[in-house]
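> I have a structure here, written as structure tokens, and I will follow up with some questions on it.
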Amino acid sequence: MKIAVCLKRVPDTTTKIVIGGDGKSIDEAGIKFVPNPFDEYAVEEALALKEKAGAGETVVYSLGGDSSQETIRTALAMGIDRGVLLKTEGSADGLVVARALADAMEGEGFDLILFGKLAVDDYNHQVGPMTAELLGLPCVTTVVHLEVADGAITAEREIEGGVEVSTCRLPAVLTCDKGLNEPRLPKLKGIMAAKKKPLDVKPVELAAASIEVLGLELPPPRSEGRIVGEGPDAVPELIRLLRNEAKVL
Amino acid sequence: MAAILAVMEQRDGALRKVSYETVTAARLLADTMGATVDALVVGAGAVTGVEQLAIYGADRVLTADHASFGLYQPDGYAATVVAAAEGCAAIVFGATATGKDLAPRVAAKLGVGYASEITGCTVDGDHLVATRPVYAGKALQKIRLTGSPAVLSVRPNTVPLAESPKAGAVESVAVPEFEARVTVTEIKAPADAALDVAEATVVVSGGRGLKEPEHFKLIEDLAAAFGDAAVGASRAVVDAGWRDHSAQVGQTGKTVSPDLYVAIGISGAIQHLAGMRTAKTIVAINKDADAPIFKVADYGIVGDLFEVVPRLTEEIKKVKAEG
């Protein structure tokens, strides 16, 4: 099995967001960057599938600046065989990213191309299925359970109040959700080995965007709340407030 | 006059509530832009609830009927939406599991960008300007959609249903040929088909303060007392295996905007607050008066949840019984 994983470098989810000087992006000072948590499910799935198949290759792709090399190395430390950095500066909309990824992976002969269901920074929820569409491949998103057999997959995805079961032939594109697996932690040996694994840096020219970021701001603060009281005796007053003030009862 | 295509969602042959929100959102935009609203219903055979689309502002109801459209058919739905969107100024989806899967496929086919899970939209000259939460709601991004048509999905529960009666004439549209690369074979529903936290109007969430997974019964009982509430959970208890990940609220779970969010035994880690801060009313019950959750809560009760929650459940039951 030859499997690609698309990986994004994002701020750690414990990050407190500070708006940058341009008013359109975040202030990156002091922020710890990590591989997108949902992409780690994709990395784990690729590694597990290759181990199960007993042969194959896993390749991680990331689009970004030089700092994304560190993110790629994390995936290599987990066990991915090699990395490709599609090097570019600045940000891009989902379709532009999908186009760059599709161009890079076209003709590489991947059986599976895996994404996280979304990146926890942009929350775009779109690059995986867009890439699939551009490559003309079947795609199942937000996969929580996967079986691969005889050149086809059966995938389960969570929908409101149920689980949707899909099948398709390989090659295919999948986006991975929490619940699919438990990503392994890099071990010291893996971290050492990752330093020697191939990491190609390929500069890419991005296509014109059709989403223009005008601004980024912090959400309006919630109006000051109040402590209704202490212990169960405060419940009647809470009920009164929910009924008469908040009008949600 | 340009049209806005509102893509409807059905399950088991009935329109889902989010469809009326989508039509309402499209109507609001159409009124600003001087456009009409086409509501596209993709299904197999008759879909109930279609007659109500006119009430929320559909000028036309387009039905695309295909034997394989009973369950979601991503490739067929995408091809049908693209065909129906010919000449449209914008395509509006509900940001549901289906909408979030379908919209990017449509955008890629059309070669335009896509604004997902927007919570607001204005018209600026020839373009739409959308507001959308990023970093799970820790920040709001304002973006201009310069592609044509504009493709967007609207977060559930952010557009209050509003009546704006229009003709809603029903017309059937042809389903274009498509290659079914993916086949949905079934929907497995849990026995107690649970409400989804992302769509429920009331969410009752539990955290580590419950101490033991069995104590989630308290949360379930309170949710049941409300009648229409979903049960949510903090990341800590999902990671501990107490609850399924589908219930997780927060940056690596779901972002929710219910009318009422009740946080019980949840301290309020930054990634959790990000996921629920757009709830209209927030109630927090926690024994630690300094817990960060009280900073975002409209109403807080400091106390032992094992005493407070059963009392609250009783009182809610009384209120509901009074109707």
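Read-outs throughout are calculated quantities, based only on the coordinates presented, and are distinct from any laboratory measurement. This is a predicted model, so every value here is computed, not measured. FYI the Cβ positions are ideal-geometry reconstructions off the backbone, even for glycines, and counts take in every protein chain you see.
> In debye to the nearest 20, how big a dipole does segment A:134-236 give about its Cα centre with +1 on each Lys and Arg Cβ and -1 on each Asp and Glu Cβ?
Using only the charged Cβ atoms, the result is roughly 900 debye.
> Here's another thing I want to ask about it. Which whole-number percent gives the relative contact order of chain A, counting Cα pairs below 8 Å spaced six or more residues apart?
24 percent
> Starting with the fewest neighbours, write out A:Ser68, B:Ser148, A:Ser62, B:Ser205 ranked by other beta-carbon atoms found within 10 Å of each beta-carbon.
Fewest-to-most ranking of A:Ser68, B:Ser148, A:Ser62, B:Ser205: B:Ser148, A:Ser68, A:Ser62, B:Ser205.
> Which of the lysines could a cross-linker bridge to B:Lys109, judged by Cα under 26 Å and excluding same-chain residues fewer than eight apart?
Counting by Cα, and skipping residues close in sequence, B:Lys109 has these lysines nearby: A:Lys8, A:Lys87, A:Lys117, B:Lys100, B:Lys142.
> Over chain B, what is the percentage of antiparallel beta bridges among all DSSP beta bridges, to the nearest 5?
For chain B, the DSSP antiparallel bridge percentage is about 25.
> Between B:Ala14 and A:Ser67, take the C-beta separation as r, use R0 = 51 Å, and let me know the FRET efficiency to the nearest 0.05.
For B:Ala14 and A:Ser67, the calculated efficiency is 0.55.
> Let me ask something else about it. What is the packing order of peptides B:169-178, B:77-86, taking the mean over residues of other C-beta atoms within 10 Å and listing the highest first?
Ranking the peptides B:169-178, B:77-86 by packing returns B:77-86, B:169-178.
> Of A:Leu238, A:Thr175, A:Val163, which is farthest on the positive side of the dipole of segment A:130-249, counting Cα position, with +1 on Lys and Arg Cβ, -1 on Asp and Glu Cβ, and the Cα centre as origin?
A:Thr175
> Further question: Per-residue mean of other chain beta-carbon atoms within 10 angstrom of the beta-carbon, peptide B:291-298?
3
> Which residue fluctuates most in the GNM of chain B (Cα springs below 10 Å): B:Ile91, B:Ile285, B:Ile143?
B:Ile143
> May I pose another question? May I ask you to list, by number, the DSSP H helices of chain B whose Cα span along the axis is at least 18 Å and whose average Kyte-Doolittle hydropathy reaches 0.0 or more?
Span-like helices in chain B: B:17-33, B:97-110.
> While we're on this one: A 29 angstrom limit on the alpha carbon distance is what I want to check against. Which of A:Lys24/B:Lys166; A:Lys178/B:Lys211; B:Lys217/B:Lys254; A:Lys178/B:Lys17 exceed it?
With Cα atoms farther than 29 Å apart: A:Lys24/B:Lys166.
> Report the paramagnetic label zone for B:Asp288: residues of segment B:199-213 whose backbone N is under 15 Å from a point 7 Å from Cα along the Cα-to-Cβ axis.
Output list for this probe position: B:207-211.
> Once both labels are modelled 7 Å past Cα along the beta-carbon direction, what's the A:Lys189-B:Ala67 spacing in nm?
5.6 nm
> Sort A:176-184, B:263-271 by the packing proxy (mean of other Cβ within 10 Å over each peptide's residues), most packed first.
Going by the mean number of other Cβ atoms within 10 Å, highest first, we get B:263-271, A:176-184.
> Quick one: if you stick a label point 7 Å off each Cα along the C-beta vector at B:Lys318 and B:Met33, how many nm between them?
Rounded to a tenth, the inter-label distance reads 5.1 nm.
> Quick check on segment B:3-172: of the DSSP beta bridges with both residues there, what percent are antiparallel, nearest 5%?
35 percent
> List B:Lys318, B:Lys280 from most exposed to least, where exposure is judged by having the fewest other Cβ atoms within 10 Å.
B:Lys318, B:Lys280
> Would you look at the GNM of chain B, springs on alpha carbons closer than 10 Å, and say which of B:Lys100, B:Lys211, B:Lys142 moves the most?
In the Gaussian network model the winner is B:Lys211.
> Just the projected area, averaged over all directions, of the convex hull on the alpha carbon atoms of the protein assembly as shown: how many nm²?
Value for the protein assembly as shown: 25.7 nm².
> Now, a different point. Among B:Leu62, B:Pro104, B:Ala83, whose Cα lies farthest out toward the positive end of the dipole of segment B:61-135, if unit charges sit on the beta carbon of Lys, Arg (+1) and Asp, Glu (-1)?
B:Pro104
> Let me ask another. Determine the shielding of peptide A:241-248 by partner chains: average, over its residues, the number of Cβ atoms on other chains within 10 angstrom of each Cβ.
Mean partner-chain Cβ count within 10 Å for A:241-248: 5.
> Relative to the longest principal axis of the C-alpha atoms of chain A, give the angle of the C-alpha long axis of helix A:37-53, reported between 0 and 90° and rounded to the nearest 10°.
So the helix axis and the longest Cα principal axis differ by about 40 degrees.
> Is the shape of segment B:90-133 best called rounded, prolate or oblate, per the rule: a/c under 1.5 gives rounded, else a/b larger than b/c gives prolate, else oblate, with a ≥ b ≥ c the square roots of the Cα gyration tensor eigenvalues?
Oblate.
> When the chain is fully extended, how far beyond the present Cα-Cα distance does A:Leu170 get from A:Glu89, taking 0.36 nm per residue of separation?
Working it through step by step, the gained length comes to 25.8 nm.
> Just need the relative contact order of chain B here, percent rounded to a whole number, with Cα pairs under 8 Å and 6+ apart.
Once normalised by length, the contact order is 14 percent.
> Hey, in the GNM for chain A with a 10 angstrom Cα cutoff, which one of A:Ser67, A:Ser223, A:Ser25 fluctuates hardest?
A:Ser223
> In addition: Distance from a point 7 Å along Cα→Cβ of A:Glu51 to each backbone N in segment A:65-79: keep the residues under 13 Å and list them by number.
Zone members listed by number: A:78-79.
> How large is the dipole of the protein assembly as shown about the Cα centre if only Lys and Arg carry +1 and Asp and Glu carry -1, each at its Cβ, rounded to the nearest 20 debye?
Computed charge dipole of the protein assembly as shown: roughly 1040 debye.
> Using DSSP to call loops (not H, G, I, E or B), can you name the GluC sites (Glu not before Pro) in segment A:182-246 whose Cβ has at most 11 other Cβ atoms within 10 angstrom?
A:Glu205, A:Glu224, A:Glu245
> Most exposed first by the Cβ proxy, i.e. fewest other Cβ within 10 Å, how do B:Asp124, A:Asp121 rank?
Ordered by Cβ neighbours within 10 Å, fewest first: B:Asp124, A:Asp121.
> Further question: Just going by the charge dipole of the protein assembly as shown, with Lys and Arg at +1 and Asp and Glu at -1 on Cβ, which of B:Val37, B:Gly250, B:Val182 is farthest out on the positive end?
Of the listed residues, the answer is B:Gly250.
> How much FRET efficiency would the formula 1/(1 + (r/R0)^6) give for A:Lys247 and B:Glu86, where r is the Cβ-Cβ distance and R0 is 41 Å, rounded to 0.05?
Working from the Cβ atoms, E equals 0.40.
> Under the definition of partner shielding as Cβ atoms of other protein chains within 10 Å of a residue Cβ, what is the mean value for peptide B:126-136?
Neighbouring Cβ atoms belonging to other protein chains average 4 per residue here.
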